[in-house]
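**Student:** I'd like to ask some things about the structure below.
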Amino acid sequence: MTLTADAATTSAEYIALDERWSTHNYHPLPVVIAEAEGAWVTDVRGRRYLDFLAGYSALNFGHRHPDLVAAAHAQLDRLTLTSRAFHHDQMGLFCRELAELTGTEMVLPMNSGAEAVESAVKVARKWAYQVKGVPAGTAEIVVAGSNFHGRTTTIVSFSTDEVARRDFGPFTPGFRVVEYGDADAIRNAVTDRTAAVLIEPIQGEAGVIVPPDGYLRAIRQICDDNQVLFIADEIQSGLARTGELLASDHEGVRADLYTLGKALGGGIMPVSAVVGRRDVLGVLRPGEHGSTFGGNPLACAIGRAVIKLLATGEFQERSRELGKYLHSRLNELDGVTSVRGRGLWAGVEIAPGGLTGRQASEALAERGVLCKETQDTTLRVAPPLVITRDEIDLGVTALAEVLGANG
Ligand SMILES: *Cc1c(COP(=O)(O)O)cnc(C)c1O
């Protein structure tokens, strides 16, 4: 193909390029985005769409938030990368500010969410051997069914999603899977060899599943009773998505380690981190773990601007207030059996006999609203937290038309 991308290139041609030259590990909607600002994106034909997904919470502050773009520009003009062979003037500040924001003691900066989870797994295992005294090579981590923690071989080793696992073994041992939402199942799975319990405070990928009230508190108690670490994966649920800084805050529960990612990069860069207790993260010694790009100056500068936005509480407040409105509107819809979630985050369960999640997403895109299914019959609604009430109305009206047209 001799195609050169220019203004005349059509959506179909861009899609054909992706199909021909990139691996087929995603099934995107047929929309080719060229520009975006706030809660809106524009495709290559100049058509505007309301973003009702926000990059699975990577875009909590909307597209190209001016403060974040300014921080990135300023840093681009100064210093972008040093590797961790040297110090630079952004990392310590980023780590201090992130620790202060999250009420934690230490920060391990990484890039993708999966890397943060991998890092937490490694830290928990080392802590189990060095501090708890678990016999070498036998540490276990208790996880929940229907989890989503990323795509590496170790992480898919404890996935219960057959598609995510099939043909990718052999798998990493040392994980015990119990049903999500069942604290007794965790209590029964914990042994002398348990290093940690790793869960999502709300399961995003599984369909925005909110566990029963008291679940996180019960996990905290089980971990305290058995000298086990509580690791909360807040990569999707954290950083204001649910109306609090962290979803665990709704139960007033503190984890020993949190994994953060997605919104931490402000929708500009992959920025992730493990944050938590000094006596736990402190087990890592030089040479034992690392990443060329983890904690790079550009990532840290953007992360610091993200922290500054979160420190105002404005986004948490927006998510709380507008989330109530979003949920009340979604609950009025015909053709919906349930709406789960917290804040500006909702799993919308489409009634049996209606559209599939995929069909609903496609029909919404035709009406100018971008959303995506998770699981066959669930739409994940997660707009940028800068969205307005009127824009929520616009998206929900489109959804009502889509579901109503079939109802
Ligand atoms: C997205 C996500 C991850 C993985 O993050 P990547 O940046 O895609 O590697 C891990 N845990 C949770 C809860 C997530 O939502």
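The values are calculated or read from the model by the stated rules, or taken from the named source; none is laboratory data. This one's a predicted model, so the numbers in the text were calculated from it and none came from an experiment. Cβ placement follows ideal geometry from the backbone for every residue including glycine, while neighbour counts extend to all protein chains displayed. Quick note on the areas: whole protein, heavy atoms, side chains included, nothing else; ligands and nucleic acids left out. Shrake-Rupley method; radii C 1.70, N 1.55, O 1.52, S 1.80 Å.
**Student:** Being buried (at least 24 other Cβ atoms within 10 Å of the Cβ) and of a type in the set (A, V, I, L, M) is the filter here, so list the residues in segment 203-215 that pass it.
**Tutor:** Selection gives VAL208 alone.
**Student:** Scan segment 322-335 residue by residue and report those that are under 22 Å from the mean Cα position of the chain (by Cα) and either more than 21 Å from GLN236 (Cβ to Cβ) or of a type in the set (Lys, Arg) (or both).
**Tutor:** LYS324
**Student:** I would also like to ask the following. Please enumerate the residues belonging to segment 124-137 that are open to solvent by less than 20 Å² (accessible area, probe 1.4 Å) and either within 16 Å of the ligand (Cβ to nearest atom) or more than 15 Å from LEU281 (Cβ to Cβ) (or both).
**Tutor:** Within segment 124-137, ALA124, VAL134 meet the criteria.
**Student:** Being part of a helix (DSSP H, G or I) and within 15 Å of the ligand (Cβ to nearest atom) is the filter; apply it to segment 203-251 and report the residue that is farthest from ASP192 (Cα to Cα).
**Tutor:** So the residue we want is ALA247.
**Student:** How about segment 335-377: which of its residues are acidic (Asp, Glu), buried (at least 16 other Cβ atoms within 10 Å of the Cβ) and without any contact (Cβ under 8 Å) to a residue 24 or more places away in the chain?
**Tutor:** Once the filter is applied, which keeps residues that are acidic (Asp, Glu), buried (at least 16 other Cβ atoms within 10 Å of the Cβ) and without any contact (Cβ under 8 Å) to a residue 24 or more places away in the chain, segment 335-377 yields only GLU373.
**Student:** So ASN226 ticks every box in (1) closer than 24 Å to GLN375 by Cα; (2) out of contact with any Gly (no Cβ under 7 Å at 6 or more places or on another chain) but one. Which box is left unticked?
**Tutor:** (1)
**Student:** Please go through segment 304-315 and pick out each residue that is hydrophobic (A, V, I, L, M, F, W, C) and surrounded by fewer than 19 Cβ atoms within 10 Å (Cβ to Cβ).
**Tutor:** ALA311
**Student:** Based on what the data block shows, is TYR14 hydroxyl-bearing (Ser, Thr, Tyr), at positive phi and modelled with pLDDT of 95 or more?
**Tutor:** no
**Student:** Also: Please enumerate the residues belonging to segment 61-86 that are closer than 10 Å to GLY38 by Cα and not small (Gly, Ala, Ser).
**Tutor:** Matches in segment 61-86: PHE61, HIS63, ARG64, HIS65, PRO66.
**Student:** Please find, among ILE392, ILE307, the residue that is in the same structural domain as HIS73 (by TED's automatic domain parsing), touching a residue at least 60 places away in the same chain (Cβ under 8 Å) and of a type outside the set (Lys, Arg).
**Tutor:** When all the criteria are applied, what remains is ILE307.
Rundown of residues vs (1) small (Gly, Ala, Ser); (2) buried (at least 18 other Cβ atoms within 10 Å of the Cβ); (3) closer than 30 Å to VAL396 by Cα; (4) in contact with a Cys (Cβ under 8 Å, 6 or more places away or on another chain), yes/no style:
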{"residue": "SER272", "(1), (2), (3), (4)": "yes, yes, no, no"}
{"residue": "GLY276", "(1), (2), (3), (4)": "yes, yes, no, no"}
{"residue": "GLY282", "(1), (2), (3), (4)": "yes, no, no, no"}
{"residue": "GLU288", "(1), (2), (3), (4)": "no, no, no, no"}
{"residue": "ILE302", "(1), (2), (3), (4)": "no, yes, no, no"}
{"residue": "GLU317", "(1), (2), (3), (4)": "no, no, yes, no"}
{"residue": "GLY323", "(1), (2), (3), (4)": "yes, yes, yes, no"}
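**Student:** Continuing with this model, one more query. Using the structure shown, decide if PRO170 is away from the ligand (no atom under 15 Å from the Cβ) and either without any contact (Cβ under 8 Å) to a residue 12 or more places away in the chain or not in a helix (DSSP H, G or I) (or both).
**Tutor:** yes
**Student:** For segment 84-112, what are the residues that are open to solvent by 20 Å² or more (accessible area, probe 1.4 Å), assigned to a helix (DSSP H, G or I) and not acidic (Asp, Glu)?
**Tutor:** Listed by number, the residues that qualify are MET91, GLY92, LEU93, CYS95, ARG96, LEU101.
**Student:** Among the candidates GLY214, GLY204, single out the residue that is out of contact with any strand residue (DSSP E or B) (no Cβ under 9 Å at 6 or more places or on another chain) and either closer than 29 Å to SER57 by Cα or among the polar types (S, T, N, Q) (or both).
**Tutor:** Step by step, each of GLY214, GLY204 is checked, and only GLY214 is out of contact with any strand residue (DSSP E or B) (no Cβ under 9 Å at 6 or more places or on another chain) and either closer than 29 Å to SER57 by Cα or among the polar types (S, T, N, Q) (or both).
**Student:** Right, something else. Report, by residue number, each residue of segment 138-163 that is among the aliphatic types (A, V, I, L, M) and either within 14 Å of the ligand (Cβ to nearest atom) or assigned to a loop (DSSP other than H, G, I, E, B) (or both).
**Tutor:** Matches in segment 138-163: ALA139, VAL143, ALA144, ILE155, VAL156.
**Student:** In this structure, does LEU260 turn out to be surrounded by fewer than 21 Cβ atoms within 10 Å (Cβ to Cβ) and of a type in the set (A, V, I, L, M)?
**Tutor:** Spelling it out, it is not the case that LEU260 is surrounded by fewer than 21 Cβ atoms within 10 Å (Cβ to Cβ) and of a type in the set (A, V, I, L, M).
**Student:** Among the residues of segment 175-202, write down those that are assigned to a strand (DSSP E or B) and crowded, with 24+ Cβ neighbours inside 10 Å.
**Tutor:** Passing the criteria: THR194, ALA195, ALA196, VAL197, LEU198, ILE199.
**Student:** Something else: Consider GLU115 carefully, then state whether it is assigned to a helix (DSSP H, G or I), within 16 Å of the ligand (Cβ to nearest atom) and open to solvent by 10 Å² or more (accessible area, probe 1.4 Å).
**Tutor:** Judged against the criteria, GLU115 is a match.
**Student:** Filter segment 137-164 for residues that are without any contact (Cβ under 8 Å) to a residue 12 or more places away in the chain and touching a Phe, Trp or Tyr at 6+ places or on another chain (Cβ under 9 Å) and give the result.
**Tutor:** GLY137
**Student:** Also: Going by the structure shown, is ASP67 open to solvent by 50 Å² or more (accessible area, probe 1.4 Å), within 29 Å of ALA240 (Cβ to Cβ) and touching a residue at least 40 places away in the same chain (Cβ under 8 Å)?
**Tutor:** The answer is yes for ASP67.
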